[in-house]
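A.B. asks: Pasting a structure below so you can have a look.
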Amino acid sequence: MSEPEIHPHDPRWRRLPEERPRQILLAAIEVFGEYGIAGAKLEEIATHAGVSKGTIYLYFQSKEELFREVVRQLLVPAIAELEREVTGGNAADQIERYLRVHWARFERPGTAGWVRLVLTELPKYPDLAAFYFDEAIAKSNHVLGDILRRGVASGEFRTIEPVVAISMIKAILLTHVLWSEAPMPETLSAVRPRADRIDDIVDFVLHALRPCAPSHAAL
């Protein structure tokens, strides 16, 4: 059974001092996603968490440490949960579940901001970037890479280098996350709504991975 979602603004939670570290982390991931690393202020995180700025320093020595703990305590467990959710079935089924579970999580507020942070701002912080790769990206890539290797071995997928396929699949997924929050001009009003876009992504990725049909050229 999954853990119930907790909202940092819920006054009932403020009456639980032992939950304050997680309360602060949930507020931090929201503020980091909205303002980025440089723009995020501890005062804003404290306001979102319903605590004082001084309370944050009781648990986290700096903004950088707070970022690291967001990754360790919120993102890494989510990746482990993802690995459990995609088990079972054939490789194609697992790829589809991988994509749909990610897309559902990207529905949460601030997710597009977090994606922008990782893609555009995090490289300015080499230590944090290396930490994020080791703790989050490498683990997520491992889950996806295992599925791809099983698919190639079973013949479901064409022979492809997993590292290349991982980068292509994630580029498609993350780009659509950003596009789905960008205002579309009227000339693009015919674009399918966000809720339907994951169907297109799944269809495209699976077609790209499956073996090519043999040609029937005349002898």
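The values are calculated or read from the model by the stated rules, or taken from the named source; none is laboratory data. Quick caveat, the model's predicted, so the values are computed rather than measured. Glycine gets a Cβ as well: all are built from the backbone with ideal geometry, and neighbour counts include every protein chain shown. Keep in mind that these areas ignore ligands, DNA and RNA; they rest on the heavy atoms of the full protein, side chains included. Shrake-Rupley method; radii C 1.70, N 1.55, O 1.52, S 1.80 Å.
A.B. asks: Can you compute 3J(HN,Hα) from phi for each residue in region 124-139, using the Karplus curve 6.51 cos²θ - 1.76 cosθ + 1.60 with θ = phi - 60°, rounded to whole Hz and x for Gly and Pro?
C.D. replies: Rounded to whole hertz, the list is 6, 10, x, 5, 5, 5, 5, 4, 5, 5, 5, 7, 10, 5, 4, 5.
A.B. asks: A further question on this structure: For Q61 and H176, compute 0.36 nm times the residue count separating them, minus their Cα-Cα distance, and round to one decimal in nm.
C.D. replies: Values: separation 115, 0.36 × 115 = 41.40 nm, distance 3.56 nm.
Between Q61 and H176, full extension yields an extra 37.8 nm.
A.B. asks: While we're here: On average, how much accessible surface per residue is there in region 59-106, in Å², for a 1.4 Å probe, leaving out ligands, DNA and RNA? The partial results should precede the final answer.
C.D. replies: Working: 2180 Å² over 48 residues.
Roughly 45 Å² per residue, with all protein chains present.
A.B. asks: What does the extension gain come out to for S154 and K124, with contour length at 0.36 nm per residue minus their alpha carbon separation?
C.D. replies: Values: separation 30, 0.36 × 30 = 10.80 nm, distance 4.11 nm.
Extra length available between S154 and K124 comes to 6.7 nm.
A.B. asks: Along Cα→Cβ, 7 Å out, is where each label goes; now give me the distance between the ones at C212 and L74 in nm to one decimal.
C.D. replies: Between C212 and L74, the label points sit 4.5 nm apart.
A.B. asks: Among the lysines, which fall within straight-line cross-link reach of K41, defined as a Cα-Cα distance under 23 Å, with same-chain neighbours fewer than 8 residues apart omitted?
C.D. replies: K53, K63, K124
A.B. asks: Given a Förster distance of 30 Å, report the FRET efficiency between E43 and M168 from their Cβ-Cβ distance, rounded to the nearest 0.05. Each step should come with its number before you reach the end.
C.D. replies: Working: r = 41 Å, r/R0 = 1.36.
Efficiency at R0 = 30 Å is approximately 0.15.
A.B. asks: Separation between the D196 and A104 pseudo-spin-labels, each 7 Å from Cα along Cα→Cβ, expressed in nm?
C.D. replies: Placing both labels 7 Å along Cα→Cβ, they lie 2.2 nm apart.
A.B. asks: Report in % the part of the accessible area of region 58-180 that belongs to carbon and sulfur, leaving out ligands and nucleic acids; probe 1.4 Å.
C.D. replies: Working: 3600 of 6220 Å².
Looking at region 58-180 in its full context, I get 58 percent from C and S.
A.B. asks: Further question: Excluding residues fewer than 8 places away in the same chain, name every one of the aspartates and glutamates whose C-alpha is closer than 19 Å to that of K139.
C.D. replies: Partners within reach: E69, E81, E83, E85, E96, D127, E161.
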